[in-house]
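Everything on this sheet refers to the single structure shown next.
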Amino acid sequence: MKDLDRLVQEAQQHQLQAVTRRHFLKECVAGIGSIALGSFLASCGGANGASKAGDFDLNALNPLIPKSPHFPAKAKSVIYLHMAGAPSQLELFDYKPALQKLHNQPCPESILAGKKFAFIRGVPKMLGPQATFKQYGQSGAWISDHLPHFSQVADDVSFLKAVHTDQFNHGPAQLFMHTGSARLGRPSIGSWVTYGLGSENSNLPGFVVLTSGGKTPDAGKSVWGSGFLPSVYQGVQCRSKGDPVLYIADPEGMGRDLKRHTIDAINAVNKEEYSTYKDPETLSRIAQYEMAYKMQVAVPEVMDIASEPEYIHELYGTEPGKESFANNCLLARKLVEKGVRFVQLFDWGWDSHGTNAADSIDLGFRNKCRQIDRPMTALIMDLKQRGLLDETLVVWGGEFGRTPMQENRDNSDMPFLGRDHHTDAYTIWMAGGGVKKGVSYGETDDIGFSAVSGRASVHDVHATMLHLLGFNHEKFTYEFQGRPFRLTDVEGNLISAVV
């Protein structure tokens with residue numbers, strides 16, 4: 001009873017604070033001009049679309065309803081496969097026989113001049129490719145023996161061979177790759193897409209995140225955060241083992257009817273709060289309570305891969321009940337099949353410095369490739385056989401590339417073979433969703449150090465992804481702090497060779 005009295009007193013005090021002269025002078029004096037301006041702008045429709053106090057915009061209360069892009073889209077959904085740590089393009093897709101001839105020779109000074117590296121010091125040795133390459137398909141794409149399964153879908157993929165970034169540390173580079181900025185606070189690309197398009201399943205989040213490899217990305221959960229967009233657009237992390245979402249099940253004694261009444265009561269309070277303060281985050285809170293209620297039924301069903309037929313498990317190499325990249329690839333297919341707009345997979349463990357066997361370029365790297373080769377190939381094949389690949393954009397890549405030189409941390413040889421971070425050129429591939437098939441765009445020099453043609457920036461990649469989803473990246477904006485922000489900031493060009 002004492003707790004109830006205390007809660008009542010706190011509520012009364014909170015209400016009184018909002019009507020005192022002291023509160024007005026303290027909180028509202030700087031906003032008197034805004035109050036006047038708001039009265040002029042009311043006839044044009046406020047940000048929330050309400051015509052009078054207490055009215056609610058149905059779009060605001062259901063922010064994930066499907067929306068139309070700027071022009072007809074080729075892709076309806078996205079599956080983004082990010083290899084956290086940055087895989088070596090020189091052992092996968094960028095075949096450089098000339099580099100093999102330079103193996104173990106000192107790196108020319110002309111290459112090192114004016115360049116910054118994360119760990120290389122002094123004069124390192126050149127490191128030849130630690131893989132064997134062949135050409136596959138009618139496109140003749142070069143793919144290494146690390147990816148024998150993936151070679152089967154060479155003609156379904158477009159390669160960007162000369163992507164570059166300006167960040168050589170993992171955290172900032174991952175932020176840049178996923179938010180268009182190396183600084184915290186910007187929305188992730190998944191948040192932008194769900195903000196612009198909504199979702200086609202009202203019982204599931206529009207943006208789902210799945211992780212594997214035992215750790216989350218170096219940049220943390222900011223790589224799927226909503227930044228300054230309403231928080232309803234941030235990614236929802238699910239798990240491929242155990243409960244897919246923590247606390248998805250109700251405690252003992254809490255039935256669906258009681259849960260429904262509880263949420264209705266909470267949202268009634270939130271609606272009153274919104275009527276008073278017009279804080280858009282209150283609307284997000286209402287939408288998130290509703291989504292959580294729906295997810296309790298929908299999520300366990302869609303996240304259950306055990307019910308898939310045996311040939312699908314064989315195709316992907318899945319093991320139900322475990323956390324794995326293979327399980328996550330199958331889940332990604334199930335999620336887009338159910339109408340989820342953006343599915344983000346992060347697989348940790350691709351930082352091949354050569355400090356130990358696990359992160360060596362000739363041992364640990366090969367093992368990581370075995371973990372992804374079969375499932376990512378299966379994902380493309382499975383989407384294709386279900387008629388989903390044409391409308392699902394699949395993107396694969398890391399946050400930067402690896403050097404053609406062997407890492408020599410502190411100017412001394414490493415115990416195992418490894419490559420340092422490299423910003424000048426790395427490979428990203430795309431498939432489905434309107435992407436041209438069998439294209440290799442961009443080329444690096446004879447040792448894979450710098451681009452000689454088809455150079456593409458991170459902003460260019462983002463502009464191309466948005467174009468396939470039906471958006472002009474220059475006009476797809478969100479007003480924040482007095483100016484229109486966009487995913488591509490003030491840069492970015494469409495990579496027309498692949499769309």
Identify all residues within segment 196-227 that are part of a helix (DSSP H, G or I) and hydroxyl-bearing (Ser, Thr, Tyr); write none if there are none. Ser222
Name the one entry in Gly398, Gly418, Gly433 that is on the phi > 0 side of the Ramachandran plot, of a type outside the set (Val, Ile, Thr) and either in contact (Cβ under 8 Å) with a residue 40 or more places away in the chain or in contact with a Leu (Cβ under 9 Å, 6 or more places away or on another chain) (or both). Gly433
Having 1 or more residues that are open to solvent by less than 10 Å² (accessible area, probe 1.4 Å), touching a His at 6+ places or on another chain (Cβ under 6 Å) and under 26 Å from Asn169 (Cβ atoms) is the bar; report the strands (runs of 3 or more DSSP E) wholly within segment 322-428 that clear it. 342-348, 401-406
Name the single residue that is farthest from Ser440 (Cα to Cα) among those in segment 461-484 being out of contact with any His (no Cβ under 8 Å at 6 or more places or on another chain) and open to solvent by less than 20 Å² (accessible area, probe 1.4 Å). Leu469
When you check Gly122 against the structure, is it open to solvent by 10 Å² or more (accessible area, probe 1.4 Å), small (Gly, Ala, Ser) and modelled with pLDDT under 95, yes or no? yes
Only one residue in Gly470, Gly492, Gly482 is under 19 Å from Ala431 (Cβ atoms) and among the small types (Gly, Ala, Ser). Which one? Gly470
Would you tally the residues in segment 164-180 being open to solvent by 50 Å² or more (accessible area, probe 1.4 Å) and in contact with a Ser or Thr (Cβ under 8 Å, 6 or more places away or on another chain)? 2
Please return the ranges of strands (runs of 3 or more DSSP E) entirely within segment 123-180 where 3 or more residues are closer than 22 Å to Val452 by Cβ. 141-144, 157-164
Failed item, numbered, when Val208 is tested on (1) touching a His at 6+ places or on another chain (Cβ under 6 Å); (2) of a type in the set (A, V, I, L, M); (3) surrounded by 24 or more Cβ atoms within 10 Å (Cβ to Cβ): (1)
Residue identified as modelled with pLDDT of 95 or more and either more than 25 Å from Pro280 (Cβ to Cβ) or in a strand (DSSP E or B) (or both) among His473, His467: His467
Top-ranked residue in segment 181-195 [being hydroxyl-bearing (Ser, Thr, Tyr) and outside any helix (DSSP H, G or I); ranked as least open to solvent (accessible area, probe 1.4 Å)]: Ser188
Would you please name the residue that is surrounded by the most Cβ atoms within 10 Å (Cβ to Cβ), looking only at residues in segment 306-321 that are in contact (Cβ under 8 Å) with a residue 40 or more places away in the chain and over 30 Å from Leu90 (Cα atoms)? Ile312
Residues satisfying the stated conditions in segment 429-442, i.e. within 28 Å of Val340 (Cβ to Cβ), in a strand (DSSP E or B) and open to solvent by 10 Å² or more (accessible area, probe 1.4 Å): Val439
Taking the conditions exactly as written (at pLDDT 80 or above and touching a Ser or Thr at 6+ places or on another chain (Cβ under 7 Å)), does Ala326 satisfy them or not? yes
Please enumerate the residues belonging to segment 446-455 that are surrounded by fewer than 24 Cβ atoms within 10 Å (Cβ to Cβ) and either of a type outside the set (S, T, N, Q) or modelled with pLDDT under 95 (or both). Asp446, Ile447, Phe449, Ala451, Val452, Gly454, Arg455
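The values are calculated or read from the model by the stated rules, or taken from the named source; none is laboratory data. Everything quoted here is computed from the prediction, not taken from an experiment. Cβ coordinates were reconstructed from backbone atoms using ideal geometry, including for glycine residues, and neighbour counts include every protein chain displayed. Surface accessibility is based on the protein's heavy atoms, side chains included, excluding ligands, DNA and RNA. Shrake-Rupley method; radii C 1.70, N 1.55, O 1.52, S 1.80 Å.
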